[in-house]
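Enquirer: Dumping the structure here so I can ask a few things about it.
Here, each number is a calculation from the coordinates, and none is a lab measurement. Keep in mind that this is a model prediction, so the values were computed, not measured. Quick reminder, even Gly has a Cβ in these numbers, built from the backbone with ideal geometry, and neighbours come from all protein chains shown.
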Amino acid sequence: MSAPVVETHGLAKTYGLAPVLREVQLRLLAGAGAFIVGGNGAGKSTLLRMLAGLEAPSGGRALVFGQDTRRLAARYRRRIGLMAHQSFLYPNLTARENLEFYAELYSLADPRASALQWLGRVGLAEVADTRVRAFSRGMEQRLSAARTMLAEPGLLLLDEPFASLDHDGAESVAALIRGALERGACVLATAHAVPEMDGVEFAVFELSGGRLTQHPHKEAVRRGGRIRSLLGR
Amino acid sequence: MRKDLRLELRSGESTLALLALSMLVLVVLVFALGAARVRSVDAAAGALWVAMVFAGMLGANRALLAERDNGAIRGLLLSPLDPATLYAAKLAAALIFMAVAEVGAVVLMVLFFNLEFDASIARLAPILVLGAIGFSALATLLSAITGRTRGGDMLLPILAVPIFVPALIAGVKASAAALAGAPFVSMGDWLKIMIAFDVLFVSVGYLLFEHVVGGD
């Protein structure tokens, strides 16, 4: 049995006196997809940032590829792709320049070719030489998805990946997620509601009151209210 | 660093602001000092360093500002890039911006303080380089800290200037001596203070940058 890509043991986070996450237990293997749903301020983004090593836990441990996220070496950081609310893009660089910059950071063989290839995949090839500051929120979100997946990381942490996207944008990001799962990456995403994607079944967790509980995927998609289909057809 | 320079060449915001600020400081000081002191090398050296310090703070702030937009700093911290390399790149970018400001400030100082473009101006170069390294190292580190707080732009000068005082005094004294035509041997003690300051703050920045720039 393969080692888990993500493993947390009693993970907790407190801001001041307010606990955001309590005793979070999570275990995901390579090739697994999971969605964490929850309302605003439930701690979904905090959990992803902690798994990416960008925020230290107040208690417990988070392991990614078997490494404690408090001190992730470069060779493990390069295997994590984080798509956050902020796009991590430079507004005064063009879409191509942004991806080329990140491709160089990840030492990809041909940064320009990689940048153009990923721009094509997210439907932004025609605006490759347009500065990001001129992009709509949805276009920036697509480019952010391309930036996240550029180096084909083994763990994808996607914070509301379908937010601000129109139908075509959501389809292209969904296709990227499917592709990542097919090549064996582990995908952990957050959403206010569970998206339904053709041919992909996710584990669904609900984060509420700082605690993480798992729901069967189909039941989660069926349920109305907080957990419902986002892209349901 | 190439990305920082590309962004700067595209907008030109920092360079223009640095030069404008240097000019403003020198003009104000020329009028404040009056005609009697305008030929004094001491006054010229002091005015030059005041202009440099203001310009340096602006440059260091700008170098990290691009990384704060859209949270790009997190993208860098998550990448395989060594945070110490990131510090070195930011320091180099701040140093280049400050060097540009220094060249402009020196030209303006010569014009406003009725000095000559002679060998004494060339002798300022190593002193200004030492000052620029020390101040850029300090300001880059502090701007990484203050950039995470509300009103951090205002906090930077409050923190940076008092810490820079030893190097600032040494720089002013050494620059005045250089402008007066004194040999480098006579300003050895001042240069040693500046070198020690540079070594200290480049090392501290290199070691601490990872801890101050990341997280929330």
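Enquirer: What's the magnitude of the charge dipole for chain B around its Cα centre, counting Lys and Arg as +1 and Asp and Glu as -1 at the beta-carbon? Answer in Debye, nearest 20.
Expert: 140
Enquirer: Which residue, B:Leu78, B:Leu24, B:Leu86, has the most motion in a Gaussian network model of chain B that connects Cα atoms within less than 10 Å?
Expert: B:Leu78
Enquirer: Moving to a separate point now. For peptide A:32-45, compute the average count of partner chain beta-carbon atoms within 10 Å of each residue's beta-carbon.
Expert: Per residue, the number of nearby Cβ atoms from other chains is 0 on average.
Enquirer: Sticking with this one: Let me know the mean shielding of A:78-86 by other chains, meaning the per-residue number of their Cβ atoms within 10 Å of its Cβ.
Expert: 3
Enquirer: For A:Glu201 and A:Ala175, calculate 0.36 nm times their separation in residues minus their Cα-Cα distance, and state this gained length in nm to one decimal.
Expert: 8.0 nm
Enquirer: Continuing with the same structure: Cα axis of helix A:111-121 to longest principal axis of chain A: angle in degrees, 0 to 90, nearest 10?
Expert: 70
Enquirer: Moving on. Projected onto the charge dipole of segment B:2-213 (+1 at Lys/Arg Cβ, -1 at Asp/Glu Cβ, origin at the Cα centre), which of B:Val103, B:Ala119, B:Ser40 gives the Cα projection farthest towards the positive end?
Expert: B:Val103
Enquirer: Just to be sure I understand: with springs between alpha-carbon atoms less than 10 Å apart, which residue in A:Leu54, A:Leu17, A:Leu72 has the highest mean-square fluctuation in the Gaussian network model of chain A?
Expert: Comparing A:Leu54, A:Leu17, A:Leu72 in a Gaussian network model of chain A, the most mobile one is A:Leu17.
Enquirer: From the Cα gyration tensor of segment A:36-139, with a ≥ b ≥ c the square roots of its eigenvalues, which class applies: rounded if a/c is under 1.5, or else prolate if a/b is larger than b/c, or else oblate?
Expert: Oblate, since a/c reaches 1.5 and b/c is not below a/b.
Enquirer: Restricting to bridges with both residues inside the protein assembly as shown, how much of the DSSP beta-bridge set is antiparallel, in percent to the nearest 5?
Expert: 55
Enquirer: Let me ask something else about it. I want to check the label-to-label distance for B:Ala125 and A:Gln214. Put each point 7 Å from Cα in the C-beta direction and report it in nm to one decimal.
Expert: Those two pseudo-labels are separated by 6.8 nm.
Enquirer: Determine the gain in length on full extension of the stretch B:Arg10-B:Glu116; use 0.36 nm per residue of separation and subtract their C-alpha separation, reporting nm with one decimal.
Expert: Taking 0.36 nm per residue and subtracting the Cα distance, the gain is 34.7 nm.
Enquirer: On to the next question. Would you tell me the mean number of C-beta atoms belonging to other protein chains that fall within 10 Å of each C-beta in A:92-104, as a whole number?
Expert: 3
Enquirer: Return P(r) of the protein assembly as shown (all Cα-Cα pairs; 20 Å bins starting at 0; whole %; ordered from short to long distances).
Expert: Calculated P(r), rounded to whole percents: 23, 45, 24, 8, 0.
Enquirer: For the peptides A:186-194, B:115-123, A:102-110, what is the packing order when you average, over each peptide's residues, the other Cβ atoms within 10 Å and list the highest mean first?
Expert: The densest-packed peptide leads the list: A:186-194, A:102-110, B:115-123.
Enquirer: Please work out the Cα convex hull volume for segment B:2-213 and give it in Å³ per residue.
Expert: Convex hull volume per residue, Cα atoms: 115 Å³.
Enquirer: Which angle between 0 and 90 degrees, to the nearest 10, do you get for helix A:137-149 versus the longest principal axis of chain A when only C-alpha atoms count?
Expert: 80
Enquirer: So, in nm, how far is label A:Arg137 from label A:His167 when the simple model puts each one 7 Å beyond its Cα toward the Cβ?
Expert: Output for this residue pair reads 2.1 nm.
Enquirer: Once each part is reduced to its C-alpha centroid, what is the distance from segment B:95-163 to segment B:188-212 in angstrom?
Expert: 15
Enquirer: If you take every DSSP beta bridge whose two residues both sit in chain A, what share of them, in percent to the nearest 5, is antiparallel?
Expert: If I count the DSSP bridges inside chain A, around 55 percent turn out antiparallel.
Enquirer: Suppose every Lys and Arg Cβ carries +1 and every Asp and Glu Cβ carries -1, with no other charges. What dipole size does chain A come out with about its Cα centre, to the nearest 20 debye?
Expert: My answer is approximately 640 debye.
Enquirer: Mind pulling the angle between the C-alpha long axis of helix B:83-112 and the longest principal axis of chain B? Nearest 10 degrees, somewhere in 0 to 90.
Expert: 20
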